[in-house]
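See structure below.
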Amino acid sequence: MEQFENTWAVLCTGHCLRVCPAFHSSDQRAIRRAHVALLAGLPRGSVAADLSEIAEEVSAKSVNIPFSYNSYNPKPYAYVHFSSAATKESAMGITCALKSIGLTWHEPTEVSSLCHCCGRPGCTPDRCASSRAPQRPSCLWSSNDKLRELYNKHLPPSHPAKHHNRFARPDNSWQRSYADAAGRRASFRSHSCPRSSHSCSQHNNHRYRPYRPSQSELDYDT
């Protein structure tokens, strides 16, 4: 647990997870939230791992990029935590850039003045150029017929897409079952009818056979 005295965050799949020992008091936890700066203007889709070099340069303890409540996409700014006010003040005097895009420092209280599309102050989403940038399709296979056909091939028969997709194969299990049953029934009749006819003919012959007198009766009559 000693390593978490100096480690305030860890990276997990590119995102920053803040950590704190469970035995820390409320005052110790408050210290980790006391000195925070806002780094705005991040390129679309940036994650905390993209800011690793900047965090090391400004001696930041953690970098957190919040997510949008509606789309759950990363917002264009990050909360940068520092161990002291002096470290924070020194960091805000450093000019930073990410992917050749200049970033700006702000106080956390100024977050409402930032555009939630580009992170620039004085910009509005209605006039923001980044909001008109082409969006990557949420599902790559939706624009590719071959991928969609392969996807639908492995769907269960009860899946709704099976009934509303032109790539889905029709379910002929009922027709096949009915045809197989009809075929087996016809085959059974073809094999069973001769036996039935033979037995019926024997039964009829036995029932309507003409009477023939025995030899003793003939001798008696003679």
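Every number in this text was worked out from the coordinates using simple rules, so none of it is lab data. Everything numeric in this text was worked out from a predicted model, so none of it was measured. Reconstructed Cβ throughout: ideal geometry from the backbone, glycine too, with neighbour counts over all protein chains shown.
Here are the numbers for this structure:
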| quantity | calculated |
| --- | --- |
| Highest average packing first - 118-128, 33-43, Cβ atoms within 10 Å | 33-43, 118-128 |
| Gained length - Ile101 relative to Arg29, 0.36 nm times residue gap less alpha-carbon distance | 22.6 nm |
| Separation between Cα centres of the range 1-60 and the range 97-116, rounded to whole Å | 17 |
| Pairwise FRET efficiency - Thr13 versus Ala129, Cβ, R0 = 25 Å, nearest 0.05 | 0.25 |
| Burial ranking of peptide ranges 2-13, 44-55 (average Cβ count within 10 Å, highest at the top) | 44-55, 2-13 |
| Relative contact order, percent, the range 3-132 [alpha-carbon distance under 8 Å, six or more residues apart] | 25 |
| Extreme residue, positive dipole direction of the range 3-132, given options Asn64, Ser113, Val10 (C-beta unit charges) | Ser113 |
| Reduced Cα scattering model of the range 3-132, Debye log10 I(q)/I(0), q = 0.14, 0.19, 0.20, 0.21 Å⁻¹ | -0.62, -1.10, -1.20, -1.30 |
